[in-house]
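Right, one structure below, let's go through it.
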Amino acid sequence: MSFISNTIKPLAIAALLSASHSFAADILVENTLIDNNGVNDAIGGWKYEVNHMDVTWIDDGNISVDVYTNFGDYNNRYSYGGNGNNIVFGDLLISTGGDTNVFDYAFKLTDGRFDDYYGSGYSEHNGNLVEISSTTTADQYHGGNVQHDGQVFGNQSSVESSGTWSVDTHSAGQNYDNYDIISFNFNVDGVAAFQSASQLAFSWAMSCANDVIHDVVSVNRPSTIPEPATMMLFLLGLAVIARNKAKLS
């Protein structure tokens, strides 16, 4: 076997493996967003409290958002407003421009929005990441008389990808004062607005908006060539020089 096969080929394979590993470990977003209005600020009492939101986006395109709230046990149990609609889970609203008032995407709950989760434990459902043309506010949905208006649903213009969402009402082991966890999981590969975004804004509330959590996260883009791969390419160059010297000697 030639020198180039013995030396350069193994290094090339190592470089590829190193690059792949580095990309898999790069995290674009990993943030905890705290309710800006503080603890025990929910209108209507502790049942509507939203404490914080965890946002994670790694380079495989999957975004996960976990909302910690007491409302998981009380979905669709209380009527509210002039329309007589029960208070239910809102959509996860997203701005790829980092604006907490103007949202262009939403994760919509395609099933399970009107279920009763009181003491149910863990329950998983389907949803879609959608581009939206507008939003519906708490006041519009409940027909007035809301005490805290806010954007709660996205009005779909197109579906970008499918995903899942879940409710965990038995989260004592999470050490967050026994808050329920509402989780959203979806993929943004191929969605140009996410791939070029430098900031993302997230917002979530129950349909009455008695407590709303929203904030902005910065997107940390990995370098085009990961550092370990750069080092391996440097070693490849040294191997080529060594091969040439061997030929001349």
Q | Projected label distance in nm at Tyr122 and Asp41, using a 7 Å step from Cα toward the beta-carbon | A | 3.2
(Q) Stokes-Einstein diffusion coefficient for segment 42-103 at 25 °C in a medium of 0.890 mPa s, Rh from the Kirkwood formula over Cα pairs: what value in µm²/s? (A) 174
**Q.** Distance in nm between pseudo-label sites at Phe114 and Ala192 (7 Å out along the Cβ direction from Cα)
**A.** 3.8
**Q.** Computed over segment 28-221, the ratio Rg/Rh where both radii use C-alpha atoms and Rh is Kirkwood
**A.** 0.94
Q | Relative contact order (%) - segment 28-221, alpha-carbon pairs under 8 angstrom, separation at least six | A | 28
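Quick note: the coordinates plus some simple rules give every number you see, no bench work behind them. This is a predicted model, so every value here is computed, not measured. Using ideal geometry, Cβ is built from the backbone for each residue, glycine included, and neighbour counts are taken over all protein chains shown.
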